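Contents: one structure, followed by commentary.
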Ligand code: AMP
């Protein structure tokens, strides 16, 4: 069974065609600048040369058609006909409180994704466009929506409610949803198998440390708390996002600088985090670490604050679960940056965490990085959101 996985942004579309017999990627690629001059498809068929096409893509419909054409192309293609694609899995950002699970798309699902436009204004409209474009291009092929928010749906009320008047939850569904859900679901589930933990009771903290960053606590693969909130702005310090901030800071800056809430949120989303704390060096951790090594004080403090915030959340989530069996690192920084992993783990000696420097000298490979006598296992586990989406798609279309 072959599954196409799509991740549509407002002007981009990423895809992977996965053969679910052996979970191997047959082809992947990217459409860029959809709806803008200079649209381009980059198609990467496994075992063949990359293929680039520049052609107008006014909407996602043309982009999907170009992906289909590339997949069946005589020279660069990997399948004979799009009929070989059994189902399409779509990453959808926000499912609101309606969806506690991934779901096969029908009209009511599309209506619900539309209802969540104001909760995910940048992503949900693009996700829906991707679904509708696939319906046009491949009528009859099932589409499955895999929401970034469903992993957080198992959180108890005490974890997902904000301490604001309850009527805002009732009227507007204001609550903690959490994001990177597909990654947290995948990594927490895989780590339970990888470490042979109790499938019902294994307590895992997943640190998804990429440009966006979030952390989750789960028991038996079910989320009990996670750091992102109604939107991805809450929680850890990220590349450009502030994470947790006293909300009164917003009012103070807005009054002083005469800016409105939209400008303020742009500052918190795009100009803060490591970029802001480092005094504008970069949102890329590699640049900030390079400056830190040259002795740049702002870069040093930015990295210290980043590590401190992750450490505090691990402590909080260990308390929330009354213990932890495993801590997993994943995503760009988590999979590649041994120094940051080590610095976080060194702050966890009170939990009996001991990092093994030799084992930690690794990138992008599933591996235990704690010492054999560490009381809590620490692992590096590469995330694979596309595979998680493809597995959900198979599960829901082959019942
Ligand atoms: P992601 O959002 O998961 O793609 O992660 C992207 C982030 O990973 C970027 O901000 C990079 O700075 C960071 N990253 C990638 N490789 C490294 C590395 N070797 N050391 C530190 N950070 C890295």
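The values are calculated or read from the model by the stated rules, or taken from the named source; none is laboratory data. Computed from a predicted structure; not experimentally measured. A quick note on method: Cβ atoms are made from the backbone with ideal geometry, for glycine too, and the neighbour counts reach across all protein chains shown.
Brief remarks follow.
- Within the range 330-339, the set of residues being surrounded by fewer than 22 Cβ atoms within 10 Å (Cβ to Cβ), near the ligand (Cβ under 7 Å from one of its atoms) and in a helix (DSSP H, G or I) comprises 332, 336.
- Check on residue 48, in a helix (DSSP H, G or I) and either out of contact with any helix residue (DSSP H, G or I) (no Cβ under 6 Å at 6 or more places or on another chain) or touching a residue at least 60 places away in the same chain (Cβ under 8 Å) (or both): no
- When the criteria are applied in full, residue 363 meets the requirement of being within 15 Å of the ligand (Cβ to nearest atom), in contact (Cβ under 8 Å) with a residue 24 or more places away in the chain and over 24 Å from residue 226 (Cβ atoms).
One line per residue, one yes/no per condition, for (1) out of contact with any helix residue (DSSP H, G or I) (no Cβ under 8 Å at 6 or more places or on another chain); (2) more than 16 Å from the ligand (Cβ to nearest atom); (3) modelled with pLDDT under 95:
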| residue | (1), (2), (3) |
| --- | --- |
| 259 | no, yes, no |
| 264 | no, yes, no |
| 277 | no, no, no |
| 287 | yes, no, no |
| 295 | yes, yes, no |
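- Here residue 229 meets the list (1) away from the ligand (no atom under 16 Å from the Cβ); (2) outside any strand (DSSP E or B); (3) in contact with a strand residue (DSSP E or B) (Cβ under 9 Å, 6 or more places away or on another chain); (4) touching a residue at least 40 places away in the same chain (Cβ under 8 Å) almost entirely, failing just condition (3).
- Across the range 4-40, the number of residues qualifying as more than 20 Å from the chain's Cα centre (by Cα) and crowded, with 22+ Cβ neighbours inside 10 Å comes to 2.
- Qualifying residue in the range 369-378 (condition: touching a helix residue (DSSP H, G or I) at 6+ places or on another chain (Cβ under 9 Å), within 13 Å of the ligand (Cβ to nearest atom) and within 18 Å of residue 194 (Cβ to Cβ)): no
- For residue 141, the stated conditions do not hold, so it cannot be described as more than 16 Å from residue 231 (Cβ to Cβ), under 18 Å from the mean Cα position of the chain (by Cα) and either in contact (Cβ under 8 Å) with a residue 12 or more places away in the chain or assigned to a helix (DSSP H, G or I) (or both).
- Qualifying residue in the range 245-254 (condition: crowded, with 22+ Cβ neighbours inside 10 Å and outside any helix (DSSP H, G or I)): no
- Test: residue 89 is outside any strand (DSSP E or B) and either within 25 Å of the chain's Cα centre (by Cα) or under 30 Å from residue 157 (Cα atoms) (or both): no
- Residue match in the range 61-68 (condition: in contact with a strand residue (DSSP E or B) (Cβ under 7 Å, 6 or more places away or on another chain), modelled with pLDDT of 95 or more and surrounded by fewer than 19 Cβ atoms within 10 Å (Cβ to Cβ)): no
- Looking across the range 276-290 at every residue that is free of Cβ contacts under 8 Å to residues at least 24 places away in the same chain and more than 16 Å from residue 307 (Cβ to Cβ), the one that is surrounded by the most Cβ atoms within 10 Å (Cβ to Cβ) is identified as 281.
- For the range 310-329, the tally of residues that are away from the ligand (no atom under 15 Å from the Cβ), assigned to a helix (DSSP H, G or I) and under 23 Å from residue 361 (Cα atoms) stands at 2.
- Unmet requirement for residue 211, which otherwise passes all of (1) surrounded by 20 or more Cβ atoms within 10 Å (Cβ to Cβ); (2) in contact (Cβ under 8 Å) with a residue 60 or more places away in the chain; (3) within 16 Å of the ligand (Cβ to nearest atom): (1)
- Residue check for residue 303: closer than 25 Å to residue 215 by Cα, away from the ligand (no atom under 16 Å from the Cβ) and touching a residue at least 12 places away in the same chain (Cβ under 8 Å): no
- When residue 216 is tested against (1) part of a helix (DSSP H, G or I); (2) crowded, with 24+ Cβ neighbours inside 10 Å, only condition (1) is not met.
- For the range 348-398, a tally of residues being at pLDDT below 95 and either over 27 Å from the mean Cα position of the chain (by Cα) or buried (at least 16 other Cβ atoms within 10 Å of the Cβ) (or both) returns 0.
- Matching entry among 101, 115, 167, 157 (being touching a strand residue (DSSP E or B) at 6+ places or on another chain (Cβ under 9 Å) and surrounded by fewer than 18 Cβ atoms within 10 Å (Cβ to Cβ)): 101
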